[in-house]
Amino acid sequence: MTTEKTKIPFVKLGKLAPRHDVRTLQFANYIDPETLPPIPAQYDWSDKITKWGMMKNDTIGDCTCAAAGHLIMEWTADNGKLITPTDTQIVQAYSAVTGYNPKTGANDNGAVETDVLNYWRKTGIANHKITAYAGLEPGNHNHVQETVYLFGGCYIGLALPISAQSQTIWSVPPGGATGIGAPGSWGGHAVPVVAYNNSGLTVITWGALKKMTWGFWDAYCDESYAIISPDFLKKNKAPNGFDLAALQQDLKAIV
């Protein structure tokens, strides 16, 4: 009998189980695949940034807010003026959503992604608000590629397996998604997708670029969202084939 050794990194997770709300707008309702611009087979938004920063996710479970901070960085860098949210701003958002006390460490229990997204839309993170967000169809590769290319990234949640702790590229282990490869056996984690190609996707986690295979995405991604942000749309207009007006109208009905 053999066992696979794992290296437990000095990092934190922090994404709680998805809370699927029937009111969450669905990306599929606002796109017309026949009139969308051609989606390239690969794209990468990460090349304008050389240092992403941990945003305290090495010591507290604020990955849901750190992922938002990294998207703000990517969008503003694309506009030619990189804005890097401070650790204090990210922790303030995490505290507001969860009740985390940075002085005592109390209530460092992670957060639900949709709670963070609603806070980001209504209140803002690091003085940046988003217009809206929409859930992607689970396992839909086209959706995530369209979201990354057309809206400058994708906000996702992963049910990480223990096997991911020792992998340079996140992939499903040879034994499959069971045992140390079981979804969520390590814990939940929020990351932004900033690039994709035929082999897989690239995310920002713990201050660095991390690649994953499409098989890993299929096995462990348990929620994903398109984020419509004015930071991104300052330079990039909403594309043909995406009905932003209808999305904004529908959003008014659930606010």
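Some notes on this structure:
- Residue check for Asn109: under 16 Å from Ile228 (Cα atoms) and touching a residue at least 60 places away in the same chain (Cβ under 8 Å): no
- Qualifying positions in the range 122-134 - surrounded by 22 or more Cβ atoms within 10 Å (Cβ to Cβ) and either without any contact (Cβ under 8 Å) to a residue 40 or more places away in the chain or in contact with a strand residue (DSSP E or B) (Cβ under 9 Å, 6 or more places away or on another chain) (or both): Ile130, Tyr133, Ala134
Conditions (1) over 23 Å from Tyr43 (Cα atoms); (2) among the hydroxyl-bearing types (Ser, Thr, Tyr); (3) touching a residue at least 24 places away in the same chain (Cβ under 8 Å); (4) out of contact with any Pro (no Cβ under 6 Å at 6 or more places or on another chain), marked per residue:
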{"position": "Leu158", "(1), (2), (3), (4)": "no, no, yes, yes"}
{"position": "Gln165", "(1), (2), (3), (4)": "yes, no, yes, yes"}
{"position": "Pro174", "(1), (2), (3), (4)": "yes, no, no, yes"}
{"position": "Val193", "(1), (2), (3), (4)": "no, no, yes, yes"}
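- Check on Thr64, farther than 19 Å from Lys12 by Cβ and surrounded by 18 or more Cβ atoms within 10 Å (Cβ to Cβ): no
- Only one of Leu36, Leu71 that is outside any loop (DSSP other than H, G, I, E, B) and either more than 21 Å from Asn118 (Cα to Cα) or touching a Pro at 6+ places or on another chain (Cβ under 6 Å) (or both): Leu71
- Per-region count, the range 224-255, residues of a type in the set (Val, Ile, Thr) and open to solvent by less than 60 Å² (accessible area, probe 1.4 Å): 2
- Scoring Asp21 on the criteria (1) in a loop (DSSP other than H, G, I, E, B); (2) at pLDDT 85 or above; (3) not polar (S, T, N, Q) leaves a single failure, condition (2).
- Residues that are modelled with pLDDT of 95 or more, in contact with a Gly (Cβ under 7 Å, 6 or more places away or on another chain) and of a type outside the set (D, E, K, R) occur in the range 37-48; there is at least one.
- In the set (1) in contact with a Leu (Cβ under 7 Å, 6 or more places away or on another chain); (2) part of a helix (DSSP H, G or I), Ile227 fails one condition alone, (2).
- Being of a type outside the set (A, V, I, L, M), assigned to a strand (DSSP E or B) and open to solvent by 10 Å² or more (accessible area, probe 1.4 Å) is true of Thr202.
- Residue satisfying condition, being within 23 Å of Thr147 (Cβ to Cβ), aromatic (Phe, Trp, Tyr) and touching a residue at least 40 places away in the same chain (Cβ under 8 Å), within set Tyr119, Tyr30: Tyr30
- Residues that are open to solvent by 10 Å² or more (accessible area, probe 1.4 Å) and either of a type in the set (Ser, Thr, Tyr) or free of Cβ contacts under 8 Å to residues at least 24 places away in the same chain (or both) within the range 206-223 comprise just one, Thr213.
- Residue satisfying all of: in the range 236-255; modelled with pLDDT under 90 and touching a helix residue (DSSP H, G or I) at 6+ places or on another chain (Cβ under 6 Å); farthest from Gly69 (Cα to Cα) among these: Pro239
The values are calculated or read from the model by the stated rules, or taken from the named source; none is laboratory data. Since the model is a prediction, treat every value here as computed from it, not as a measurement. Cβ: placed from backbone, ideal geometry, glycine included. Neighbour counts: every protein chain shown. Just the protein is used for accessible areas: all its heavy atoms, side chains included, with ligands, DNA and RNA removed. Shrake-Rupley method; radii C 1.70, N 1.55, O 1.52, S 1.80 Å.
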